[in-house]
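Enquirer: Structure below; questions to follow.
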Amino acid sequence: MTPVGLVDEVPAEIAPLVRALNDLLTRLDKAVQAQRIFIADAAHELRTPLTALKLQIQVARREHQGVGTGELFQKLEERTNRAIHLVQQLLSLAREDADAGTGKREADLFRIATQVVSELSVLAEQKEIDLGLECAGMEAASSPVHVAGDETSLRSMLTNLVDNAIRYTPKGGRVDVRLIVARETAGLEVVDTGPGIPHAELDRVRDRFYRAKNTSGAGSGLGLAIAAKVAMKYRAELSIRNRDDETGLRVAIGGLQLLKGVTLP
């Protein structure tokens, strides 16, 4: 959206075209910024009433525990939880849209991975899914892995990838999170035993609000879009492909710049 510079003189015949292009880019940039602000404001305003609604539903369930109302309240709470999840995803996406620069921040990728796996282990246990963390290329499992990036963004990216894997992996399945360290770069990989994604849709699942046709459940279609946004911000490579044996999905983030602190074998 950056206007074309006019440092050098341009021919008189082309000057109107350059001015028109700059005007168009300026208007497009304003429109995109307005859209981002609207999404962020709307999501922020929706978060509080949805949380209050969830609390009211829980109170109502305790006060009216009849046989006929139990299932109704359960469905209401599920729909509310889905709306809350969508609002949280919109806020994450708005934050990534607003924060386009990498800056000089650094984050410990090993700590992020262990914390995300620990936090989502409860969700995995509820579905009887085996969730684990593997480290490759590290001499000691407790070594910090400092990479260039914001800890909040990287945590949001990995949380979305692991949460997606757990949501779409059937009961009794397996989700593996792998931290891979090389000489100058580090990466993350999330492998599951879910249904995978039809090959024709692998490129489209990065789009916002797009969900593969073979998926079900309470998803928002924003998880992979957020991961793609974070990867692009840090010039990392996002790879989404089905496993070779067609028994699940493999999502990898590679090329994160390694800074210091990790002991290599």
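The values are calculated or read from the model by the stated rules, or taken from the named source; none is laboratory data. These figures come from a predicted structure and were not determined experimentally. Counting neighbours? That spans all protein chains shown, and the Cβs are built from the backbone with ideal geometry, glycine included. SASA here: full protein model, heavy atoms, side chains in, ligands and nucleic acids out. Shrake-Rupley method; radii C 1.70, N 1.55, O 1.52, S 1.80 Å.
Enquirer: Answer yes or no as to whether T48 is modelled with pLDDT of 70 or more, under 24 Å from the mean Cα position of the chain (by Cα) and open to solvent by 90 Å² or more (accessible area, probe 1.4 Å). Outline the logic, then answer.
Expert: Values: modelled with pLDDT of 70 or more: yes; under 24 Å from the mean Cα position of the chain (by Cα): yes; open to solvent by 90 Å² or more (accessible area, probe 1.4 Å): yes.
For T48, the condition - modelled with pLDDT of 70 or more, under 24 Å from the mean Cα position of the chain (by Cα) and open to solvent by 90 Å² or more (accessible area, probe 1.4 Å) - is met.
Results for (1) closer than 14 Å to D192 by Cβ; (2) open to solvent by 60 Å² or more (accessible area, probe 1.4 Å), shown as yes or no for each residue.
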{"residue": "S121", "(1), (2)": "no, no"}
{"residue": "Q126", "(1), (2)": "no, yes"}
{"residue": "I129", "(1), (2)": "yes, no"}
{"residue": "G132", "(1), (2)": "yes, no"}
{"residue": "P144", "(1), (2)": "no, no"}
{"residue": "M157", "(1), (2)": "no, no"}
{"residue": "P170", "(1), (2)": "yes, yes"}
{"residue": "D176", "(1), (2)": "yes, no"}
{"residue": "I180", "(1), (2)": "no, yes"}
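Enquirer: Another one. Six or more apart or on different chains, Cβ under 6 Å: which pairs go from a residue in the stretch 113-124 that's in contact (Cβ under 8 Å) with a residue 12 or more places away in the chain to one that's part of a helix (DSSP H, G or I) and open to solvent by 20 Å² or more (accessible area, probe 1.4 Å)? Could you list them?
Expert: The qualifying pairs are V116/T159.
Enquirer: Quick one: what pairs do we get from the stretch 14-26, first residue more than 11 Å from M1 (Cβ to Cβ) and modelled with pLDDT of 85 or more, second open to solvent by 60 Å² or more (accessible area, probe 1.4 Å) and among the aliphatic types (A, V, I, L, M), C-beta under 6 Å, 6+ apart or different chains?
Expert: L21/V4
Enquirer: So, A31, is that one small (G, A, S) and either closer than 24 Å to E96 by Cβ or modelled with pLDDT under 75 (or both) or not? Don't jump to the end; show me each part of the working.
Expert: On the way: small (G, A, S): yes; either closer than 24 Å to E96 by Cβ or modelled with pLDDT under 75 (or both): yes.
It is true that A31 is small (G, A, S) and either closer than 24 Å to E96 by Cβ or modelled with pLDDT under 75 (or both).
Enquirer: May I ask you to list the residues in the stretch 182-207 that are surrounded by 14 or more Cβ atoms within 10 Å (Cβ to Cβ) and part of a helix (DSSP H, G or I)?
Expert: The answer is E201, V205, R206.
Enquirer: Let me spell it out: the conditions are (1) open to solvent by 10 Å² or more (accessible area, probe 1.4 Å); (2) in a strand (DSSP E or B); (3) not acidic (D, E), and Y210 meets all of them except one. Which number is the exception?
Expert: The single condition Y210 does not satisfy is (2).
Enquirer: Another question, if that's okay. When you go through (1) open to solvent by less than 20 Å² (accessible area, probe 1.4 Å); (2) part of a strand (DSSP E or B); (3) modelled with pLDDT under 90 one by one for L259, which number turns out not to apply?
Expert: (1)
Enquirer: Next question, about the same structure. Just the residues that are at pLDDT 65 or above and touching a helix residue (DSSP H, G or I) at 6+ places or on another chain (Cβ under 8 Å), please, taken from the stretch 100-109.
Expert: Looking only at the stretch 100-109, we keep the residues that are at pLDDT 65 or above, and these are 105-109.
Answer for the stretch 100-109, where residues must be at pLDDT 65 or above and touching a helix residue (DSSP H, G or I) at 6+ places or on another chain (Cβ under 8 Å): R105, A107, D108, L109.
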